[in-house]
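**Q** Okay, handing you the structure first.
The values are calculated or read from the model by the stated rules, or taken from the named source; none is laboratory data. This structure is a prediction, so every number in the text was calculated from the model and none was measured. We place every Cβ from the backbone using ideal geometry, glycine too, and count neighbours over all the protein chains shown.
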Amino acid sequence: GENVEQHPSTLSVQEGDSAVIKCTYSDSASNYFPWYKQELGKGPQLIIDIRSNVGEKKDQRIAVTLNKTAKHFSLHITETQPEDSAVYFCAASRTNFGNEKLTFGTGTRLTIIP
Amino acid sequence: DTAVSQTPKYLVTQMGNDKSIKCEQNLGHDTMYWYKQDSKKFLKIMFSYNNKELIINETVPNRFSPKSPDKAHLNLHINSLELGDSAVYFCASSQGEGLRIQYFGAGTRLSVL
């Protein structure tokens with residue numbers, strides 16, 4: 001089955017700086033890579049996703065890059081703000097029409113230092 | 001008008017008891033999921049149902065039994081609770097063909113004493 005590794009497990013950055021979180025996956029058939037943000041006491045919320053036919057996707061301060069050959073993808077947050085502090089999860093799955101199983105990374109606790 | 005709602009939010013119980021967690025989604029989705037998040041924040045899928053039919057059943061003790069009375073509901077019943085069952089349980093739902101965005105509930109924190 002799929003195995004997703006995520007690094008680093010904790011990350012502290014100064015407000016205004018950039019943060020980068022990296023994930024690798026093992027199943028070359030995986031074709032969907034979402035990123036979720038989990039705030040304290042809440043469920044994970046999708047912040048951005050990328051499909052395997054795209055190398056990069058950007059949404060305001062958040063961007064995701066995908067390298068299918070190397071089987072890794074990364075989350076980039078620019079101009080970080082205190083509200084970006086949360087646990088971030090990467091995930092991977094393959095299309096299976098009703099049988100998709102998201103395999104999550106182990107999470108990164110991001111702390112933005114004011 | 002919460003999209004995916006779980007009840008209860010907190011559940012404290014003794015070892016050996018039987019308990020249920022309920023989940024409802026008002027998004028009109030056809031697939032629902034249960035995930036377990038352990039104390040190290042690791043999220044792992046347990047079950048998924050598509051149109052009330054069990055699709056994914058990971059290696060979960062048979063003390064855990066999901067039930068989907070209709071597309072909008074997926075409940076989780078746990079028999080003979082053990083200390084190791086303590087975790088946060090998340091319900092999620094998704095819709096559509098192909099790659100599906102999953103929407104998560106706020107979670108149920110289960111503590112087994």
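**Q** Applying the selection to segment A:1-39, what residues are touching a strand residue (DSSP E or B) at 6+ places or on another chain (Cβ under 9 Å) and polar (S, T, N, Q)?
**A** Scanning segment A:1-39 gives A:3, A:6, A:9, A:10, A:12, A:14, A:18, A:24, A:26, A:30, A:31, A:38.
**Q** I'd like to know if segment A:93-107 contains one or more residues that are outside any loop (DSSP other than H, G, I, E, B) and either more than 9 Å from chain B (Cβ to nearest Cβ) or aliphatic (A, V, I, L, M) (or both). Give the steps one after another, and end with the answer.
**A** Here is the first cut: in segment A:93-107, the residues outside any loop (DSSP other than H, G, I, E, B) are A:93, A:103-104.
Filter once more, keeping what is either more than 9 Å from chain B (Cβ to nearest Cβ) or aliphatic (A, V, I, L, M) (or both): none.
The answer is no, given that none of the residues of segment A:93-107 is outside any loop (DSSP other than H, G, I, E, B) and either more than 9 Å from chain B (Cβ to nearest Cβ) or aliphatic (A, V, I, L, M) (or both).
**Q** If you go through segment B:24-51, how many residues are farther than 15 Å from residue A:104 by Cβ and either over 11 Å from the mean Cα position of the chain (by Cα) or of a type in the set (Ser, Thr, Tyr) (or both)?
**A** So in segment B:24-51, the residues farther than 15 Å from residue A:104 by Cβ come out as B:24-32, B:39, B:47, B:49-51.
Filter again for either over 11 Å from the mean Cα position of the chain (by Cα) or of a type in the set (Ser, Thr, Tyr) (or both), leaving B:25-31, B:39, B:49-51.
Matching residues across segment B:24-51 total 11.
**Q** Within segment A:10-60, track down each residue that is more than 29 Å from residue B:36 (Cα to Cα) and in contact with a helix residue (DSSP H, G or I) (Cβ under 8 Å, 6 or more places away or on another chain).
**A** Hit for segment A:10-60 is A:15, nothing else.
**Q** Quick one: in segment B:31-86, of everything that is in contact (Cβ under 8 Å) with a residue 60 or more places away in the chain and out of contact with any Leu (no Cβ under 6 Å at 6 or more places or on another chain), which residue is farthest from residue B:107 (Cα to Cα)?
**A** Here the answer is B:80.
**Q** Within the set of pairs 6 or more residues apart or between chains, which connect a residue that is in a strand (DSSP E or B) inside segment B:8-29 to a residue that is aromatic (Phe, Trp, Tyr) with Cβ atoms less than 7 Å apart?
**A** Sorted first by the residue in segment B:8-29, then by its partner, the pairs are B:21/B:89.
**Q** Out of segment A:57-81, which residues are among the polar types (S, T, N, Q), over 13 Å from the mean Cα position of the chain (by Cα) and either part of a strand (DSSP E or B) or at negative phi (or both)?
**A** We begin by selecting, within segment A:57-81, every residue among the polar types (S, T, N, Q); these are A:60, A:65, A:67, A:69, A:74, A:78, A:80-81.
Filter once more, keeping what is over 13 Å from the mean Cα position of the chain (by Cα): A:60, A:67, A:69, A:78, A:80-81.
Once the filter is applied, which keeps residues that are among the polar types (S, T, N, Q), over 13 Å from the mean Cα position of the chain (by Cα) and either part of a strand (DSSP E or B) or at negative phi (or both), segment A:57-81 yields A:67, A:69, A:78, A:80, A:81.
**Q** Let me ask something else about it. Working only within segment B:1-22, note down all residues that are of a type in the set (Gly, Ala, Ser) and in contact with a Cys (Cβ under 8 Å, 6 or more places away or on another chain).
**A** Filtering segment B:1-22 down to residues of a type in the set (Gly, Ala, Ser) leaves B:3, B:5, B:16, B:20.
If the condition is that a residue be of a type in the set (Gly, Ala, Ser) and in contact with a Cys (Cβ under 8 Å, 6 or more places away or on another chain), then B:5 is the only one that fits.
**Q** A further question on this structure: Quick check on segment A:32-48: of everything there that is surrounded by fewer than 20 Cβ atoms within 10 Å (Cβ to Cβ) and not in a strand (DSSP E or B), which residue is nearest to the chain's Cα centre (by Cα)?
**A** This residue is A:39.
**Q** Restricting to segment B:64-110, name every residue that is surrounded by 14 or more Cβ atoms within 10 Å (Cβ to Cβ) and among the aliphatic types (A, V, I, L, M).
**A** Within segment B:64-110, B:72, B:74, B:76, B:78, B:81, B:87, B:88, B:92, B:99, B:101, B:106, B:110 qualify.
**Q** Given (1) more than 10 Å from the chain's Cα centre (by Cα); (2) under 25 Å from residue A:105 (Cα atoms); (3) within 14 Å of chain A (Cβ to nearest Cβ), where does residue B:90 come up short, assuming only one miss?
**A** All conditions are met except number (1).
**Q** When you scan segment B:41-63, do you find a residue that is surrounded by fewer than 21 Cβ atoms within 10 Å (Cβ to Cβ), in contact with a strand residue (DSSP E or B) (Cβ under 9 Å, 6 or more places away or on another chain), assigned to a strand (DSSP E or B) and at pLDDT 95 or above, even just one?
**A** No - not one qualifying residue is present in segment B:41-63.
**Q** Does any residue of segment B:29-51 turn out to be more than 14 Å from chain A (Cβ to nearest Cβ) and either of a type outside the set (Val, Ile, Thr) or within 18 Å of residue A:46 (Cα to Cα) (or both)? If you could, list the steps in order and put the result at the bottom.
**A** The first filter runs over segment B:29-51 and keeps only residues more than 14 Å from chain A (Cβ to nearest Cβ), leaving none.
Taking every residue of segment B:29-51 in turn, none turns out to be more than 14 Å from chain A (Cβ to nearest Cβ) and either of a type outside the set (Val, Ile, Thr) or within 18 Å of residue A:46 (Cα to Cα) (or both).
**Q** Against the definition (surrounded by 14 or more Cβ atoms within 10 Å (Cβ to Cβ), modelled with pLDDT of 95 or more and either of a type in the set (S, T, N, Q) or within 21 Å of residue B:105 (Cβ to Cβ) (or both)), how does residue A:10 come out, yes or no? Outline the logic, then answer.
**A** Working: surrounded by 14 or more Cβ atoms within 10 Å (Cβ to Cβ): no; modelled with pLDDT of 95 or more: yes; either of a type in the set (S, T, N, Q) or within 21 Å of residue B:105 (Cβ to Cβ) (or both): yes.
Taking the combined requirement at face value, the residue does not satisfy it.
**Q** Residues being free of Cβ contacts under 8 Å to residues at least 60 places away in the same chain and under 26 Å from residue B:105 (Cβ atoms): count how many of those fall in segment A:13-32. Walk me through how you get there before you give the answer.
**A** Here is the first cut: in segment A:13-32, the ones free of Cβ contacts under 8 Å to residues at least 60 places away in the same chain are A:20, A:22, A:24, A:26, A:28.
Now drop any that are not under 26 Å from residue B:105 (Cβ atoms), which leaves none.
Number of matching residues: 0.
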